Amino acid sequence: MSQTYRINGGQIDRSQLIDFTFDGKRYQGYAGDTVASALLANGVKLVGRSFKYHRPRGIFSAGSDEPNALMTIGEGARITPNTRATVAEIYEGMTVRSQNRFPSLNFDILAVNDVLAPFLSAGFYYKTFMWPAVFWEKLYEPMIRRAAGLGALSGEPDPDQYDKGFLHCDVLVIGAGPAGLMAALVAGRAGLHVILADEDFQMGGRLLCEHEQINSDASLTWVNQVIAELSSMTNVRLMNRTTVYGVFDHGIYGAVTRNTDHLAVKTKRPRETLWRIYAKRSVLASGATERSIALSNNDRPGVMLASAVRAYANRFGVLCGKRVVVVSNNSDGLRTADVLRAAGVEVPEVLDARQLVMPFDIYGKKAVRAIKFSDGRKVDADCIAIAGGWNPNIQLTCHKRGRPVWRDDIAAFVPNKDAITSEMDVAGAANGSFSTHQCLHEGAQAGERIVRALGKNAATVDLPQADDQPFEITPFWEVKGNTKRAWVDPQNDVTTKDIKLAVQEGFRSVELLKRYTTLGMATDQGKASNVLGLAILADCLGQSIPETGTTISRPPYTPVTISAFAGTSRFEHFRPVRETPSHNWAKEQGAVFVSAGLWNRAQYFPKPGETHWRQTVDREVIATRSSVGICDVTTLGKIDIQGPDAGEFLNRVYANAFAKLAVGKCRYGLMLREDGFAMDDGTAARFSDTHFVMTTTTANAVSVYRHLEFCRQCLWPDMDVKLISVTEQWAQYAVAGPNARKLLQKIVDKEHDVSNEAFPFMACGEITVCHGIRARIFRLSFSGELAYELSVPARYGDSLIKALVSAGEEFDVVPYGTEALGVMRIEKGHAAGNEINGQTTAKQLGMHKFVSNKKDCIGKFLSGREGLNEEDGSCLVGFKPVRQTDVLNAGAHFIGLGELNNAENDEGYLSSIAYSPSLKSYIGLGFLKRGQERIGQEIRAVDLLRGTDVQVTVCSAHFIDPKGERLRV
Amino acid sequence: MIIIHPLLGPRDAQEFTYLGDASLIHRPDPEADNVAGTFYEYLYQRDNIAGEHRELWFHEQGDRSWLVIKRNTLTHDILSVELASDVARREGRSK
Amino acid sequence: MFDNTVSLAGSLPLNALHKTWPSLEVKELVGGEICSLTALHGGVSALRTKFQNEYGALLPAQGKVVSFDTGFLFCSAPEQWFVHLNIENAFLDIELGAVLETRAAVTLQTDAWARVAIIGEDTPQVLERLMALNLSDQAFPMGSAVRTLLGHLNVFIVRGDKASDIYEIWCARSFANSLAHEICVAAENVCG
């Protein structure tokens, strides 16, 4: 049996026969087929099972509104579930599987749900799975998830590439049917930059599916001519397989192009490209979607939209049945019979809902067998083509809160022109204008309007002659009087009964109805069902449809893969990485790296034989404190501050005074937020009267720069001071330890004296190193040792670290990473990010004497407020475990000896901890109420999360060299 | 969103960071009377406007200009964009 | 063994990256020095005159780049310019400060940037995968330079005003490898 439903005609390429499999069985189709058309050509009727009742389902539509034929496509890691067979192009060797069935599509055990339907009505989850509550997570939810479902992912990493892009145009035309083509033609001929996007792989829209005439030629001839002309224009970009899925503020549109899904051999090209399109104007020419009629058993395989039946015959050369009954409530649906008869199909009955006889029931489980009428007649048929009217595809007009309006004459919602911004025009069927003539006319008009609005002259485009049959419809939604179920939303198994039950139970608003019954919440987002459901709700409420209202849609128009949103930002490229100038060198030394914001910093440098990071860190600390160590501190923010007002500017942004800092000196600076809390700390070095270099912490470099620009531009716009970041310009190394000077003296050029006398603690200067290499030197210490920070232009950073290490060999110099840096600063009692955490004040940090009384600064006034200066306020002190071997945990809270562990007794917390190889014990910094008065007392550090309770002694935060003598030698 | 920078033309909003109400320009004079009250108002009191709102944005990924943007919070329409330094000077701020 | 007679060698952010595709070339730009010039209050016209006298070029408006005999400069922010000179001199800021007297704050910037040129017919298609900015000939003609985003990276994009149509991307040096990755992936996706 091969393609027995295939007839002549259509736009498939019969020279390219394509093999594919469906549920393991081999089938053939042609290039230009979708999975749906190829399956229909082979007489396959049963293609899926419904979500809840596991009812047998067939292909329903011919477009992206398909609710039934959801397939799992591909193999291995490339498995893609929930793909609509109606839009998936076939390719050689394609593997297609049905979903939500066990053990097979033909025999599905859970079809028992259909028999249990009376118990599975609207809201049954909420009513049934209530008790006991603990069963929900363990039993009910897993059970429901297994039973009611869609396809499954492969569970493997996605092997494909995805990409993003940005496009700019004068006009974005959405949809390449008659209206869209016409709009693009007018705009393109006027020289505007046009993007024409269509979700289909072939442009032409509904004209691909109807045998009509334009200018006394086949309509397809016109389509091909227009596409050829548009393709020849350099100002027009044609994008097929591209869905515009969302409309955002200020003329921004989201679109996704499927590049490789239709290819048998997946190239290295990205599978999908996500586009952000910036368009001055847009034309929505997205067409319309046909809807069904609620009729008993109207979900059986073989019950299809009439327009789909025509599309399969005309576009794909495929018959959906050999004996087709047409049921229609409108003039357009009635055309189906003519098309089918012309194709040689038997059409035993055409039921016009405007007549007295109604369809009453449909027979056949896995395929339609017959239809019964209200007059009692039963007519054999293998396909029922239902035409319930057309819903304009207005979804994109709602994304910016446009609320559609109801038009009685076409019984459909159309865009509310007043609610759509001036950025968007709507033309053709999307606007409720259904004839080809109207589409062409409105497309041309929209094009001309935009051409004029953008200040160009519209070339006259002759409007082609085309069909202008009026669309006539008698609203007819539901066949009443049959107690069997009639489907409204086939994908989510919502029937007319569910809607009526919901109304009875009080869910009368459309929004509540939607959420209670799940009407319109499936992957088709209500394209197949919303308006029908609304009409039935309105009927139940005895209201008109406009009185009942409608839900509005949000992006995306059709589902977009998450990978497309990720684009190239995956795995290690999830975000950019910053590397310091010594990165490659550190890597060669076997450094272990840590992420600090975007920076990759050397955390520690293990040596052979070291099996635990603590061994390495302890060694680095001891070596630095006993001789000399080197640490890359390039990541600290550095800001060049120049101008006559630079000193005064620093005075105002730092809590302490800077204006009188001598040239050639550095000073520690504490920056407050305006609310009086500490924001950041660092240093500023003065190179001339009008030139400072500020450092910030690594973490706050960006926010401090932003804050300084705010102060400069918004608060004091006339201060003559200029800022520019120089973080990246200078590679900077801390050289710390008793031998730091001796090491540096080997590097620093002889004319620069760095002796203690000539270059004391907190000095800074421009020098040269290694025979004339430009450098800056700062005598700063974070470790508490004699230390310098040496910076060179970043180009020399790699070379300098090698020179420093080589020069330090005689002192057994060590490179140290962020861990040893952290240990040494805790030993020294320096506050860092754990202490300056946005919740602490200068007073708590023990730096209230820093806040100058002689000047105003950001945060000064509010740092003086009562609440921040309480007598029993907490302050930063040090802690040592009473038993030397005890381990401290940062985050532990302080509770008095013998007190209960509760919030009332909470006296503060440990902010930083480290093992101090110098003290051979854990040490900690933390905030304790009246901490300074309690030096020597004992208290408990309690960590209820990690279950530790350690007795600690309160001590000075300066564990090492409290008088600071080492710094000054 | 697109912000039309007064010097650079249209730029995607992702280039900008947001601070808040443009009244933050008017940092109180610490020498003035009732400074506690004025700082409290300045720092903590904000109108939550449904409609036209004047706000501060920073062109972080661009020219590092602070901008005062008048934006309708209901529609996201941007009604005007000015350099904050121009606004600050016009509204009396200097050194 | 430490050799105190040897000076330091400079290294490039991308180790002279150079990759080609049939209609695209991506290559690290090397050489020259860069300084930022920021006019102090009321100093723009004096700086303009001084700069023109020294280099024969006018300070361009924001968004623009101009070339002159020994380099080029573009406006990077209000009253701020980046100048690139075809010399090698890590003390350029100090010397330029002296030449321009005190009319501008001058800051050395050479080392702060990784510079990559994108050359060839496919350049527009590659750039549209990377940058939201409108780079059409109308919006970004030759002689344009702005600071913007490339992916998550902050960059300058400079389209010179010289006959050869090259796009230079400048990105902070520490991000150099991420920049190279972004550009090469986009190039591979478009041209590969």
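Things to note:
- Solvent exposure of the protein assembly as shown amounts to 40 Å² per residue of accessible area, where only protein heavy atoms count and the probe is 1.4 Å.
- The relative contact order of chain A comes to 9 percent, based on Cα pairs under 8 Å that sit 6 or more residues apart.
- Inter-label distance, nm, simple model (7 Å from Cα along the C-beta direction), A:N901/A:H771: 6.5 nm
- Using a simple spin-label model with pseudo-atoms 7 Å out from Cα toward Cβ, A:S569 and A:V405 lie 4.1 nm apart.
- In terms of its C-alpha gyration tensor, segment C:33-111 has a rounded overall shape, because the principal axis ratio a/c (a ≥ b ≥ c, square roots of the eigenvalues) stays below 1.5.
- FRET efficiency estimate (nearest 0.05) - Cβ-Cβ, A:V594 to A:S15, R0 60 angstrom: 0.50
- 10 Å Cβ neighbours from other chains, averaged over peptide C:147-157: 4
- Each of the peptides C:5-11, A:918-924 was scored by the mean count of other Cβ atoms within 10 Å over its residues; in descending order, highest first, they stand as A:918-924, C:5-11.
- Förster radius 25 Å - calculated FRET efficiency between A:D23 and A:L116, Cβ distance, rounded to 0.05: 0.45
- Pairing chain C with chain A buries about 4500 Å² of accessible area. This figure sums both sides and uses a 1.4 Å probe.
- The alpha carbon convex hull volume per residue for the protein assembly as shown rounds to 209 Å³.
- Carbon and sulfur %, accessible surface of chain A computed with the full protein complex present, 1.4 Å: 53 percent
- On Cα atoms only, tilt of A:178-189 relative to the major axis of chain A in degrees: 60 degrees
- A:H437, C:H41, reordered so the largest accessible area comes first (probe 1.4 Å): C:H41, A:H437
- Averaged over the residues of A:726-733, the number of partner chain Cβ atoms lying within 10 Å of the residue Cβ comes to 5.
- Most to least packed among A:750-757, C:129-136, C:81-88 [average Cβ atoms within 10 Å]: C:129-136, C:81-88, A:750-757
- Among A:H441, B:H53, the order of accessible area from largest down is A:H441, B:H53, computed with a 1.4 Å probe on protein heavy atoms.
- Of the residues A:T697, A:T234, ranked by 1.4 Å probe accessible area with the largest first, the sequence reads A:T234, A:T697.
- Across segment B:2-90, the relative contact order, built from alpha-carbon pairs under 8 Å that are at least six residues apart, equals 27 percent.
- Within 10 Å of each Cβ in C:172-181, the average number of Cβ atoms from other chains: 6
- Three-way shape label, segment B:2-90, alpha-carbon gyration tensor, a/c 1.5: prolate
- Cα centroid separation, segment B:27-70 to segment A:1-26 (Å): 68 Å
- Shape of segment A:249-316, Cα gyration tensor, a/c cut at 1.5: oblate
- Residue-averaged [θ]222 nm for the protein assembly as shown, counting only DSSP H segments that reach four residues, each worth -39500 (n - 2.57): -6000 deg cm²/dmol
- Relative contact order (percent, whole number), segment C:33-111, Cα cutoff 8 Å, 6+ residue spacing: 42 percent
- Heavy-atom accessible area buried between chains B and C is around 1000 Å² (1.4 Å probe, both sides summed).
- Protection proxy ranking, peptides A:949-957, A:402-410, A:625-633, average beta carbon neighbours within 10 Å, highest first: A:625-633, A:949-957, A:402-410
- Helix B:35-44 and the long axis of chain B differ in direction by around 20°, with both axes built from C-alpha atoms.
- With R₀ fixed at 25 Å, the C-beta to C-beta distance from C:E121 to C:M142 puts the FRET efficiency at about 0.95.
- The angle between the Cα long axis of helix A:530-541 and the longest principal axis of the Cα atoms of chain A comes to about 70 degrees, rounded to the nearest 10.
- The residues of segment B:8-23 occluded by other protein chains by 10 Å² or more of accessible area, set against the chain on its own, are B:L8, B:R11, B:D12, B:Q14, B:E15, B:T17, B:L19; surface from heavy atoms, 1.4 Å probe.
- Rounded accessible area of A:K417 (nearest 10 Å², 1.4 Å probe): 130 Å²
- Buried area at the B-A interface (accessible, heavy atoms, 1.4 Å probe, summed, Å²): 2700 Å²
The values are calculated or read from the model by the stated rules, or taken from the named source; none is laboratory data. It should be emphasised that the depicted structure is a prediction, and the values quoted were computed from it without experimental measurement. Cβ coordinates were reconstructed from backbone atoms using ideal geometry, including for glycine residues, and neighbour counts include every protein chain displayed. For accessibility, only protein heavy atoms count, side chains too; no ligands or nucleic acids. Shrake-Rupley method; radii C 1.70, N 1.55, O 1.52, S 1.80 Å.
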